[in-house]
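The values are calculated or read from the model by the stated rules, or taken from the named source; none is laboratory data. These numbers were taken from a predicted model, which means no experiment stands behind them. Counting neighbours? That spans all protein chains shown, and the Cβs are built from the backbone with ideal geometry, glycine included. The accessibility values were calculated without ligands, DNA or RNA, using every heavy atom of the protein model including side chains. Shrake-Rupley method; radii C 1.70, N 1.55, O 1.52, S 1.80 Å.
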Amino acid sequence: MRASRRVQWAATLGVAGLLATGCGAPGSDNASATSLSAGSVPEKPSKAVTLNILDVAGNKQLTGAIFDQFAKDHPDIISSVTWETAGAPDMAGKVKAQQQAGNLKIDLVLTGTDGLAAGISESLFAPVAKDYKDRLGNMANYQEPAAAMQKLAEDQAVELTYYPSGPLLEYNPDKVPNPPTTAEELLAWAKDHPGRFGYARPANSGPGRTFLMGLPYILGDSDPKDPVNGWEQDLGLPQAA
């Protein structure tokens, strides 16, 4: 992105909790992409701007009110906020296409670690946590797990919300008075109750992905970090929808 253009932001909310911000594919092969230093970006725009947010993690339900309240409290900075939703696997391609066309309409992206990883690998985000560190003072107050998650962002993301997402099971105690407590019991329950057990598609869900990634540890596979050669156990659970 050329420095003369209005600053365009991309951001991610990770694990239903990381917020990454970026600017026009810095460091990419796009010759027009340049990283803006914090000193070249004013504290406030010359006139209020519209903030266009792409949410690929369902994060609006958690943090939407924050953006709306900020716009209400600071009309000289944000004139309005617009929201667009998409699937996390589609985020990188969508943003990159707009950047390559020189027509970036997305200012902020809220996503999980899946979108964050894709954005980093495609050089979609700027090192906002490094370049704008002096404007992000609250990062020093992160709890230890959140601070550890922040490291995954490689300075290209700022964590917005964090919560431990599992593996965990949610159930209605009126319908399931004796919930399964082991992987084997879960498998037996799923077989005894066809169509009653489900989990979110891992490619587009932090909790769904955490559930899948946690099973090799629960089952005692030889190398839970190696799904190709280290996952010997097959719990036989239904495929995610």
If R0 = 35 Å, then D68 and L187, at their Cβ-Cβ distance, give a FRET efficiency to the nearest 0.05 of 0.20
Once amide hydrogens are built 1.01 Å from N within the peptide plane, the residues lying 5 or more places from T85 or on another chain with amide H under 5 Å from its amide H are D55
By a straight-distance test (C-alpha under 14 Å), which aspartates and glutamates pair with K130 as possible cross-link partners, with residues fewer than eight away in the same chain excluded? E154, D155, E159
From the phi angles alone, apply the Karplus equation (6.51, -1.76, 1.60; θ = phi - 60°) to the stretch 103-119 and give each ³J(HN,Hα) in whole Hz, x where the residue is Gly or Pro. 9, 6, 9, 9, 9, 9, 10, 10, 8, x, 5, 5, x, 4, 4, 5, x
Might you tell me the accessible area per residue for the stretch 129-237, computed with a 1.4 Å probe and given in Å²? 68 Å²
The ³J(HN,Hα) series, computed from each phi in the stretch 43-60 with the Karplus coefficients 6.51, -1.76 and 1.60 at θ = phi - 60°, rounded to the nearest Hz and given as x for glycine or proline, is 4, 9, x, 5, 8, 4, 10, 8, 9, 9, 10, 9, 10, 10, 9, x, 7, 4
I need the phi-derived Karplus couplings for the stretch 169-181: 6.51 cos²θ - 1.76 cosθ + 1.60, θ = phi - 60°, integer Hz, Gly and Pro marked x. 10, 10, 8, 8, x, 6, 9, 10, x, 10, x, x, 10
The stretch 58-129 - percent of accessible surface contributed by carbon and sulfur, probe 1.4 Å: 54 percent
Say each of D90 and A147 gets a label point 7 Å from the Cα, pointing the same way as Cα to Cβ; how far apart are those two points in nm? 3.9 nm
Counting only residues 5 or more apart in sequence or on a different chain, those whose built amide H sits under 5 Å from that of E159 are L19
18 Å cut-off, amide nitrogen to a point 7 angstrom out along K44 Cα→Cβ, residues in the stretch 120-137: 135
Set the bar at 32 Å for Cα to Cα. Now go through K105/K225; K105/K151; K72/K175 and name every pair that lies beyond it. K105/K225; K72/K175
For I78, enumerate residues with amide H under 5 Å from its amide H, sequence gap 5+ or separate chain, H modeled in the peptide plane. V49
